[in-house]
Amino acid sequence: DHNKLALPVGTTLDRFIMRKQEDFPYATGELSQLLRDIALAAKIVNREINRSGLIDIAGAYGSQNVQGEDQQKLDVIANIRFIRALRNGGEVCTIISEEDDEMIQTGNNQGKYVVAIDPLDGSSNIDVNVSIGTIFSIYRRVSPTGREGTAADCLQPGTHQVAAGYVIYGSSTMLVYTTGNGVNGFTYEHSLGEFFLSHPDIITPKTGNIYSINEGSSDSFSPGVAAFVQHCKDQQFSARYIGSLVADFHRNLLKGGIYVYPATAKNKSGKLRLMYECNPLAFIVEQAGGKSSNGTRRTMEIEPKIPHERCPFFIGSKELVEKAESFIATDT
Ligand code: AHG
Ligand code: MN
Ligand code: MN
Ligand code: MN
């Protein structure tokens, strides 16, 4: 029952976080502080993105990340900003990031939390002024405090998330997050420098008529995936694919639809990364009444083996994800 916690539209994010914390009498405020740290970094990154056409921070950085992708300057800048905010905030012992090969130890060994982050999602859209995002996921560490976080702290299944969210730097900038008690969206008012509650208690439609998949790779779709895509066409669904996961997900969350990144010849386990792309969005979609799967299994129940693990991704309206799964079941 999320409603007893309802706060009016226009509530600031800070106040919202504070009031939610009061609903948990034994909460110490550390998670609240961590969420505020992320919001601060989001504001800073938002500022960098907004002026990226004017100063020399668009374009390639000149190196590749562990994913084998050309890093963009904003990938690197966003990564630095989020890590710095989490380090200064003090609540996080260890971070895993798309842009770093290894775990990042913040030096806050008393910190109770670990964060998995995609600092800048939709890199290929930076230079062409199309929506991009940030995705984050928060876990409670399982190892004792007083020392560095461990691989076991960072490699928990998505069901263990205590919070997850994303920022979309779009026609407006929004922060959407969950702490496991529904999903709320906040819109940034840049002249005031505040996020305000604009989308309380987001519920995603049970079904929809949008499908989002990069059909350029359709030659290597499995028969089940190909049949599902054909089904979407038979139903005369709308094809919508921005190429920024956050933006594609956000649209489908609000309007109803399905996002698919399947296994392809180029990306045998799919392209998207379990820890900092799939699991956080899976937590959000489930909290909004939707569903997320790798085609055969609930995303959040996958036991991660490595930080940069990839998985096929089917996410969105419950009925559509179930439909996709029923087609994929014919693959085996
Ligand atoms: P990132 O920019 O964080 O590396 O993520 C890129 C992802 C995701 O945002 C997007 O949905 C997907 O890559 C697009 O991949 P394709 O270009 O293969 O469709
Ligand atoms: Mn990337
Ligand atoms: Mn990404
Ligand atoms: Mn990224």
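Odds and ends about this structure:
- Only one residue of Leu245, Ala263, Ser292 has its Cα farthest out toward the positive end of the dipole of the stretch 244-300, where Lys and Arg carry +1 and Asp and Glu -1 on Cβ, and that residue is Ala263.
- Net length available on complete extension from Asn109 to Glu194 is 27.6 nm, with 0.36 nm assigned per residue and the Cα-Cα distance removed.
- Extension reserve of the Glu309-Asp127 stretch, reckoned as 0.36 nm per residue once the Cα distance is removed: 62.8 nm
- Projecting the Cα positions of Asn129, Asn88, Ala151 onto the charge dipole of the stretch 50-157 (unit charges on Cβ atoms of Lys, Arg, Asp and Glu, taken about the Cα centre) puts Asn88 furthest along the positive direction.
- For the pair Arg15 and Ser238, label points projected 7 Å from Cα toward Cβ lie 3.4 nm apart.
- Inter-probe distance in nm under a simple model that places probes 7 Å from Cα toward Cβ, at Lys268 and Ser326: 3.2
- For the pair Ser220 and Gln67, the difference between a 0.36 nm per residue extended length and the Cα-Cα distance amounts to 53.0 nm.
- Amide N of the stretch 159-187 lying under 18 Å from the label point, which is placed 7 angstrom from the Cα of Glu301 along Cα→Cβ: 159-161
- Spacing of the two label points (7 Å from each Cα toward its C-beta) at Lys206 and His231, in nm: 1.7
- The chain - Rg over Rh from alpha carbon coordinates, Kirkwood radius: 0.95
- Listed residue pairs exceeding 29 Å between alpha carbons, taken from Lys268/Lys323; Lys43/Lys305; Lys20/Lys206: Lys43/Lys305
- Using alpha-carbon coordinates, inclination of helix 245-255 to the longest axis of the chain, degrees: 80
- Summing charges over neighbours of Phe136, with a neighbour being any other residue whose Cβ is under 14 Å away from its Cβ, gives -4 when K and R count +1 and D and E count -1.
- Shown in residue order for the stretch 205-212 are the 3J(HN,Hα) couplings computed by the Karplus curve 6.51 cos²θ - 1.76 cosθ + 1.60 at θ = phi - 60°: x, 4, 9, x, 10, 10, 10, 10 Hz (x for Gly and Pro).
- The chain - charge dipole about Cα centre, Lys and Arg +1 at Cβ, Asp and Glu -1, debye rounded to 20: 460
None of the figures in this text is laboratory data; all of them are computed from the coordinates on show. Just so it is clear, the structure is predicted and the values come from calculations on it, not from any experiment. Please note: Cβ atoms are built from the backbone with ideal geometry, for glycine as well, and neighbour counts cover all protein chains shown.
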